[in-house]
1. A plus B alone minus the pair: what accessible area, both sides summed, probe 1.4 Å, in Å² to 100?
2. Of all the C-alpha pairs in segment A:11-164, what % are more than 29 Å from each other?
3. How much accessible area per residue does segment A:280-422 have, in Å², with a 1.4 Å probe?
4. Based on DSSP loop calls and a cut-off of at most 11 other Cβ atoms within 10 Å, the longest stretch of chain B free of exposed trypsin sites (Lys or Arg not before Pro) is what?
5. Stokes-Einstein at 20 °C, 1.002 mPa s, Kirkwood radius from Cα pairs: D for the protein assembly as shown in µm² s⁻¹?
6. In peptide A:183-189, how many Cβ atoms from other protein chains are near each Cβ within 10 Å, on average?
7. Would you mind checking which residues have amide H under 5 Å from residue B:93's amide H? H placed 1.01 Å from N; only 5 or more apart, or other chain.
8. Roll a 1.4 Å probe over the protein heavy atoms and report the accessible area of residue A:189 in Å², nearest 10.
Amino acid sequence: MERINGTGRSFGRRWRNPGIRRLVALCMGMAVLLILLAWAYGQYEGERLKREWLARDERLIGSLAAAHPELVSELPRLLVRAEQDDPEFRKLGQQISSRYGLNEATDDAIFPVVERFRGELGLTLGIGLGLFMLLLSLLLLRLFDNPYRHINRLAVSLENSIKQHAPMDKPLYEDGELGLLSHSVQELSIRLQETIAQLRREKSLLKDTVADISHQLKTPLTSLAIYVELLQDPRTSAEDGREFLETCRRELERMEWLILTLLKIARLEAEALELAPIRAPLQDTIELALEPLRGMAELRRVELQVEEPAEGISLAHDPRWLSEALANLIKNAIEHSPVDGRVSIRTERTPMFAHISVRDQGAGIDEQHLPHIFKKFYQSSPAGSGVGLGLPLAKSIVEKHEGHLSASSRPGEGTAFTVTLPLHRPSSSAPSLTDL
Amino acid sequence: MNSIIEIDKLSKTYGKDSTKVEALREVGFDVAQGEFVAIVGSSGSGKSTLLHMLGGLDHPTSGTVRIDGENLYALKERERAVFRRRKIGFIFQSFNLIPVLNVEENIGLPLLLDHRQPDKEYVRDLIRTLGLEERRKHLPSELSGGQQQRVAIGRALAYRPAIVLADEPTGNLDSANSREVMELLKLAVRQYHQTVVVISHDMNIAAEADRVLRMQDGRLVSDTRGGNRE
């Protein structure tokens, strides 16, 4: 049906995944945290260095002042604003210092401030960054694990669904790829269930059909056997024999009709039959259905009235089958009409459907029978000549055309059957839910 | 057949004390898959509230709503939104189409929201079935009311939701278009095994359904199965 868009992994599409959103949020948060921590640590270390530096300077000033009291006013200036002094002073100092072995190669142990700074910086940065990375990886792991947890849950629920023959429970209702995967998997499991249910329905249908056939055919077969036996009896008179033969012929005709109709319904319902739809005027099909019934209508003095829109309706259908469905409806209406009654066959077109209604002026169908009239072998009144197969057959044919057949009736006001057929049927018949 | 909608002791109360209104009082029923159900009742009978509860649009005061086995109100808000998008199709009295999108785009909208590319063939088939082929590039404002409602039906069917909820779908339409919309919904039930719940105050509309639930003063007063199907 719908296709999950395989190409074009756009930013927006990625952004819909909650995992991606969480990952971005985590990385941003951790980056901000790292910046803040580094800044705070820099501040702290600077402050500490300043204090130690000050302590060293103070000791220097103290010891120099004790040795040379005349320099007291000069000393702090010297130590604080050293950059503004003549560069020559530094060269002189360097010469004096290196004479006593104080230069860049000197061991840190000589400078406790530097030694402590270096040691602490290394340790703190090492441990701090290590811990930070550990925390980050733990959080990332959790984030990373999330999809796997969902996939695991999906797998477990899919397994349960297979074991219990039930649709999947607890899918993931989430945006993004995982949510879509979960949805598709659930859809698949639902369709599988539907297919299984349909197969079961078809099987029970077949069972019912077999039962119907055997039940409906046994009775006439039994009576045929009796008549044949009677005919074989030499005591049967020629006149009786002719009458028995006539009865046999009627029974055989009835049986033939029964078997043919049952086979048609079975083939329609078991989807073993394909319609051959052609685009043809609906009116021609109605004429085709009316033709063999005109004699019967005349015999019963029932008027057949056909109403159609002036422009006519043309739609894709199988004229042979649809006319059979209509013929069954019209025959049913004629049979239930009073003498001098009227059966009106009206076609009507709306933007999307064609409606064909067959209305009689008979006694109507009692409300209690209405829900059952499309069931096979259901007879609501003795008026009908058939065995209760005409309406189910008509219904099967109409549904095969992706339309539907409905009945409305009020006792005393007659019955109307309405066939509704879609005008715009997709050329390739729309895949049903159970098409895998 | 398994139930696709299970409602148990659903109650909804608005306001408090003296201004208290009991919109729903312990309503409970099941709907089987593929059923076409109409909920009828006068205005104020609680039928709209009930439909909103079914669609996860409002919170019940007590009771549960299960759709396809999922307890709707046990889901988180965000999960419910996704659930709604994938499992429930809505059709409203006022169509609620996006005015700047054309027919095709409006129908494909639920899929686009999920960043899924609507299958062109499926959408074309759907548009054909809806009789909108010549208008697929038109904007909603260029369509008649009946056509707009057909677009809304197409949109509700695009994700092939488990259930379709229609709130007075024919309220703004004349009788010919109303009948059309109902026929279309019936076709959907048959063709796609969908379950449709329609609320209406029009008994002629309700008569088309397999089953009619009648609401009165927040209670379910009758549950009758119609005669159109076996």
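The values are calculated or read from the model by the stated rules, or taken from the named source; none is laboratory data. Source: prediction; values computed, not measured. Backbone-built Cβ (ideal geometry, glycine too); neighbour counts: all protein chains shown. Surface areas here come from the heavy atoms of the whole protein model, side chains and all, with no ligands, DNA or RNA. Shrake-Rupley method; radii C 1.70, N 1.55, O 1.52, S 1.80 Å.
1. Looking at A and B, the buried total is near 4600 Å².
2. Looking at segment A:11-164, the distances longer than 29 Å represent 53 percent of pairs.
3. 42 Å²
4. Free of exposed loop sites, the longest segment is B:138-230.
5. My calculation gives 67 µm²/s for D.
6. 2
7. Here B:167 satisfy the definition.
8. Per-residue accessible area (residue A:189): approximately 10 Å².
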